[in-house]
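Student: There's a structure below that I have some questions on.
The values are calculated or read from the model by the stated rules, or taken from the named source; none is laboratory data. Everything numeric here is computed off the predicted structure, so don't read it as measured data. With ideal geometry, Cβ positions are generated from the backbone for all residues, glycine too; neighbour counts draw on all protein chains shown.
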Amino acid sequence: MSLTSQPLDGIVPEINAGMTQRPFHHIGILHHPMKPDSVNLANKIGDFLRDQGLEEIWFESAWESEAVLEHLPDVDLLITLGGDGTLLRAARLGARHGVPMLGVKMGRLGFLAEIMPDNWQEPLAQMLEGHYWQEERLMVRARLERPAFPGGPLQTVSEHDALNDVVLSRGGLARVVRISIKLDGGYLTTYTCDGLIVSTATGSTGYALAVDGPILPPELRNILVLPIAPHLSMDRAVVLAEGTEIRLRAYSDHEAMLTVDGQFVLEVSAGDEVVVTGSPHLARFIRLRDRNYFYQALMEKMRWPDDQEF
């Protein structure tokens, strides 16, 4: 089922046409605080960049959001060392300042990182010479609204951006939850399910893929809505334009949960509503591979390659 119309800015975003780009001067290196190897590698990368003539380099844990934010207005590149979770954290911070990211993969399964930890010097040198392109990806913004008083007007109590997905789901009890959905103010349906995923194209290879959602190319500016374990209700993905306002309300005799990028969890009470829209910020990634890298990487990471080639 598709409710797709032309997105506000077009389906495919503008990507830098040339492979030779401007040099970087002020670089932040973010490590994973629970991975000692990432700290050691961060120091090696910092030494390498200084040897290349770069002096404005700083180091920080990817989990120290406030410390990272203090640097971001003057930063023109973030290098992250970790898995996709580290890049998701960096994306939420850097996107608001338009800072591009380069990921060094140190996780188990990553779709976002560009460089491997055992082969990073040559790619970094290539980037410093200006031979790269920037990929832009849509993010979504989730807003939790709550009545000021019983039956009163809704007020925003929390707001977060997500690069992967926003999930409204049942709480700790193994009971289904009923979730109604409105699109641009018009009622669509009410799901009886374990939860509902609102995903970007980036998130289509994450949780959305696990519930048999479609795989979208990363540059596509569309939003997916998918139910988790639906029971006697609509069980198909809905594809929406980026400008669509999605309004959700959970009905249950116990509290529901709102999860943002698998990293923020908020309790959702009776009468609350969750509003999801396209974020005004885009996540930007430095790419050194060919522009058709996504499908090959997808096959390799999902272990789906076929030996036969035509």
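Student: Within region 109-164, count every residue that is small (Gly, Ala, Ser) and in a strand (DSSP E or B).
Tutor: The total comes to 3.
Student: Also, quick follow-up: Quick one: is residue 86 surrounded by 23 or more Cβ atoms within 10 Å (Cβ to Cβ), polar (S, T, N, Q) and touching a His at 6+ places or on another chain (Cβ under 6 Å)?
Tutor: Yes; evaluated as a whole, the condition is true for this residue.
Student: Run down 259, 244 and say which single residue is modelled with pLDDT of 95 or more, assigned by TED's automatic domain parsing to the domain that holds residue 166 and in a loop (DSSP other than H, G, I, E, B).
Tutor: 244
Student: In region 262-292, how many residues are surrounded by fewer than 16 Cβ atoms within 10 Å (Cβ to Cβ), assigned to a strand (DSSP E or B) and among the charged types (D, E, K, R)?
Tutor: Count: 1.
Student: Filter region 190-212 for residues that are outside any strand (DSSP E or B) and either touching a helix residue (DSSP H, G or I) at 6+ places or on another chain (Cβ under 6 Å) or in contact (Cβ under 8 Å) with a residue 40 or more places away in the chain (or both) and give the result.
Tutor: Answer for region 190-212, where residues must be outside any strand (DSSP E or B) and either touching a helix residue (DSSP H, G or I) at 6+ places or on another chain (Cβ under 6 Å) or in contact (Cβ under 8 Å) with a residue 40 or more places away in the chain (or both): 200, 201, 202, 203, 205, 206, 207, 208.
Student: Here's a check for you: in region 220-240, which residue that is touching a residue at least 24 places away in the same chain (Cβ under 8 Å) and of a type in the set (D, E, K, R) is surrounded by the most Cβ atoms within 10 Å (Cβ to Cβ)?
Tutor: Result: 221.
Student: Given 139, 127, which one is within 16 Å of residue 100 (Cα to Cα), touching a His at 6+ places or on another chain (Cβ under 8 Å), in contact (Cβ under 8 Å) with a residue 12 or more places away in the chain and of a type in the set (A, V, I, L, M)?
Tutor: 139
Student: Please enumerate the residues belonging to region 165-198 that are among the hydroxyl-bearing types (Ser, Thr, Tyr) and under 13 Å from residue 227 (Cα atoms).
Tutor: Across region 165-198, the qualifying residues are 169, 180, 189, 190, 191, 192.
Student: Next up: Name the single residue, out of those in region 150-171 being over 10 Å from residue 271 (Cα atoms) and of a type in the set (A, V, I, L, M, F, W, C), that is surrounded by the fewest Cβ atoms within 10 Å (Cβ to Cβ).
Tutor: Ranking the qualifying residues of region 150-171, first place goes to 157.
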